[in-house]
Amino acid sequence: MTDDVKLVRYDTMVSAIQACHEVNEILQITNKAAQLAAAARVAKDVAAVAMATEIRLRGERRLGELLEKQPKNKGAIPGK
């Protein structure tokens, strides 16, 4: 696979992460990226490991952004 094709796919994945609005969507992408990183480690492809890890980290950051917007739990004890 050429570097141009890898970059196009990487850019597509990054834009897909930014377009996600649900936790499940992001978890699917980050899990897939972790699987790709593991496969790349077995194949000893350092560049692919780095790209997959970057995608996973971007997904985790996006997940944090979404969770930050969630309403906080008020607790189970009323009146406190």
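Annotations
- Measuring only protein heavy atoms, the 1.4 Å probe finds ARG9 accessible over about 150 Å².
- Cβ-derived FRET efficiency at R0 41 Å, GLU68 paired with ARG9, nearest 0.05: 0.90
- Apportionment of accessible area to carbon and sulfur, the chain, percent (1.4 Å): 58 percent
- Per residue, the chain exposes 77 Å² of solvent-accessible protein surface, assessed with a 1.4 angstrom probe and all protein chains in place.
- Estimated FRET transfer efficiency (VAL23, ALA76; beta-carbon r; R0 25 Å; 0.05): 0.65
- Helix-only arithmetic for the chain: the sum of -39500 (n - 2.57) across DSSP H runs with n ≥ 4, divided by the residue total, places the mean residue ellipticity at 222 nm at -26500 deg cm²/dmol.
- Among the protein heavy atoms, those of LEU66 account for about 20 Å² of accessible surface (1.4 Å probe, every chain in place).
- In a reduced charge model with +1 at each Lys and Arg Cβ and -1 at each Asp and Glu Cβ, the chain shows a dipole moment near 440 debye about its Cα centre.
- Kirkwood analysis of the chain, using all unique Cα-Cα pairs, places the hydrodynamic radius at 14.1 Å.
The values are calculated or read from the model by the stated rules, or taken from the named source; none is laboratory data. Computed from a predicted model, the values in this text were never measured in an experiment. Don't worry about glycine lacking a Cβ; one is built from the backbone with ideal geometry, like all the others, and counts go over all protein chains shown. Please note that ligands, DNA and RNA were not included when accessible areas were found on the heavy atoms of the full protein model with its side chains. Shrake-Rupley method; radii C 1.70, N 1.55, O 1.52, S 1.80 Å.
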